[in-house]
Amino acid sequence: MRNQEDRTTAARRRMVETQIAARGVGDGRVLEAMIRVPRELFVPEHLRERAFDDGPLPIGSGQTISQPYVVALMAEAAGIEPADRVLEIGTGSGYGAAILGHLAERVVSVERHADLAERARARLAEAGCRNVEVVCGDGTLGWPQAAPFDAIVVTAAPPLRPRALVHQLEVGGRLIVPVGADRHSQRLLCLTRTADGGCEEVDLGGVAFVPLVGEEGWGEDEGHGR
């Protein structure tokens with residue numbers, strides 16, 4: 001058992017060195033979180049031998065666990081400090097929430113699919129993530145009862161900026177969200193809330209996420225997504 005643990009830890013380190021740090025992610029706290037969180041726990045059992053692949057993997061309900069590099073890139077862009085309150089939209093497997101939980105004081109993660117939310121809670125508990133709460137709801141509307149947040153990370157793509165999420169940011173807070181009218185490719189944006197209620201935008205590059213379904217996202221008949 002100990003040898004297996006050593007092998008998986010070594011595999012996570014190689015993943016971080018070759019897929020993440022080598023591509024320019026340099027935040028030491030993010031890199032350490034990517035090493036410490038057992039990604040293999042959040043991958044379906046029949047795919048665990050591919051847990052450290054450089055790409056997304058299916059997790060059921062038409063959803064995926066994101067490519068490790070993209071998880072790290074979004075976490076770094078969010079600029080999370082140890083005392084921050086963070087909202088994640090699209091829990092999926094729970095892996096991204098676990099990474100955020102290592103960086104922040106508290107994380108609320110909203111998942112549209114009840115079955116995914118239940119499995120994510122179990123995996124997060126197994127991984128020892130005690131500061132992450134998984135809730136079911138329409139992620140496009142955020143989670144106003146716990147707002148405002150220092151950072152919001154969205155793991156599925158709406159066609160336009162979700163206004164509700166911008167409004168749930170602290171001044172100076174960051175919203176990391178893939179946005180695009182094409183459901184198969186988007187631009188990953190970092191939106192920083194300004195004192196006048198607007199936001200400053202930085203384009204982090206092209207990405208491909210599943211559609212974000214909900215009141216301020218795609219409709220149910222327009223595609224499948226969180």
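Scanning the range 183-208 for residues that are touching a Gly at 6+ places or on another chain (Cβ under 8 Å) and modelled with pLDDT under 95 returns Arg183, Ser185.
Determine, yes or no, whether Glu133 is touching a residue at least 40 places away in the same chain (Cβ under 8 Å) and not in a helix (DSSP H, G or I). No.
Give the residues of the range 25-67 that are aliphatic (A, V, I, L, M), in a loop (DSSP other than H, G, I, E, B), under 15 Å from the mean Cα position of the chain (by Cα) and over 22 Å from Arg112 (Cβ atoms), sorted by residue number.
Keep residues of the range 25-67 that are aliphatic (A, V, I, L, M), which gives 25, 30-31, 33-35, 37, 41, 43, 47, 51, 57, 59, 65.
Retained after the next criterion (residues that are in a loop (DSSP other than H, G, I, E, B)): 25, 37, 43, 51.
In the following step, the residues that additionally are under 15 Å from the mean Cα position of the chain (by Cα) were identified as 37, 43.
Residue satisfying the conditions is Val37 alone.
Is it the case that some residue within the range 104-121 is part of a loop (DSSP other than H, G, I, E, B) and farther than 20 Å from Leu165 by Cα? Working first, answer last.
Here is the first cut: in the range 104-121, the ones part of a loop (DSSP other than H, G, I, E, B) are 104-105, 112-113.
Keeping just the survivors that are farther than 20 Å from Leu165 by Cα gives none.
Taking every residue of the range 104-121 in turn, none turns out to be part of a loop (DSSP other than H, G, I, E, B) and farther than 20 Å from Leu165 by Cα.
The C-beta contact set for the range 155-177 (first residue free of Cβ contacts under 8 Å to residues at least 24 places away in the same chain, second residue assigned to a strand (DSSP E or B), distance under 6 angstrom, 6+ apart or interchain) comprises Glu170/Asp150. In the range 195-207, the qualifying residues are those that are aliphatic (A, V, I, L, M) and assigned to a strand (DSSP E or B), and the one that is surrounded by the fewest Cβ atoms within 10 Å (Cβ to Cβ) is Val202.
Highlighted here are the strands (runs of 3 or more DSSP E) found entirely within the range 141-194 that include at least 1 residues which are aromatic (Phe, Trp, Tyr): 149-154. Hey, does the range 16-39 have a residue that's in contact with a strand residue (DSSP E or B) (Cβ under 6 Å, 6 or more places away or on another chain) and without any contact (Cβ under 8 Å) to a residue 60 or more places away in the chain? Taking every residue of the range 16-39 in turn, none turns out to be in contact with a strand residue (DSSP E or B) (Cβ under 6 Å, 6 or more places away or on another chain) and without any contact (Cβ under 8 Å) to a residue 60 or more places away in the chain. Looking at the range 211-218, is at least one residue surrounded by fewer than 18 Cβ atoms within 10 Å (Cβ to Cβ) and at pLDDT below 95? Taking every residue of the range 211-218 in turn, at least one turns out to be surrounded by fewer than 18 Cβ atoms within 10 Å (Cβ to Cβ) and at pLDDT below 95. Taken over the range 99-129, the criterion of being under 23 Å from Glu81 (Cα atoms), in contact (Cβ under 8 Å) with a residue 24 or more places away in the chain and out of contact with any strand residue (DSSP E or B) (no Cβ under 7 Å at 6 or more places or on another chain) is satisfied by Ile99, His102, Leu103, Ala127, Cys129. Apart from one condition, Gly79 fits all of (1) buried (at least 24 other Cβ atoms within 10 Å of the Cβ); (2) closer than 21 Å to Leu189 by Cα; (3) more than 9 Å from the chain's Cα centre (by Cα); the exception is (1).
Please state which one of Gly92, Gly101, Gly62 is out of contact with any helix residue (DSSP H, G or I) (no Cβ under 7 Å at 6 or more places or on another chain), over 21 Å from Arg193 (Cα atoms) and buried (at least 24 other Cβ atoms within 10 Å of the Cβ).
Numbers: Gly92 fails: out of contact with any helix residue (DSSP H, G or I) (no Cβ under 7 Å at 6 or more places or on another chain); Gly62 fails: buried (at least 24 other Cβ atoms within 10 Å of the Cβ).
When all the criteria are applied, what remains is Gly101.
When Leu87, Leu73 are checked against the criterion of being at pLDDT 95 or above and under 22 Å from Ala114 (Cα atoms), a single residue qualifies: Leu87. For the range 65-104, a residue qualifies if it is closer than 21 Å to Thr18 by Cβ, out of contact with any Asp or Glu (no Cβ under 9 Å at 6 or more places or on another chain) and among the polar types (S, T, N, Q), and exactly one does: Ser66.
Yes or no, residue by residue, for (1) polar (S, T, N, Q); (2) without any contact (Cβ under 8 Å) to a residue 60 or more places away in the chain:
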site	(1), (2)
Ala51	no, yes
Asp54	no, yes
Gly60	no, yes
Ile65	no, yes
Val70	no, no
Ala75	no, no
Ala78	no, no
Asp84	no, no
Ser93	yes, yes
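The values are calculated or read from the model by the stated rules, or taken from the named source; none is laboratory data. Small disclaimer: the values here were computed from a predicted structure and weren't measured. Ideal geometry is used to build each Cβ from the backbone, glycine not excepted, and the neighbour counts take in all protein chains shown.
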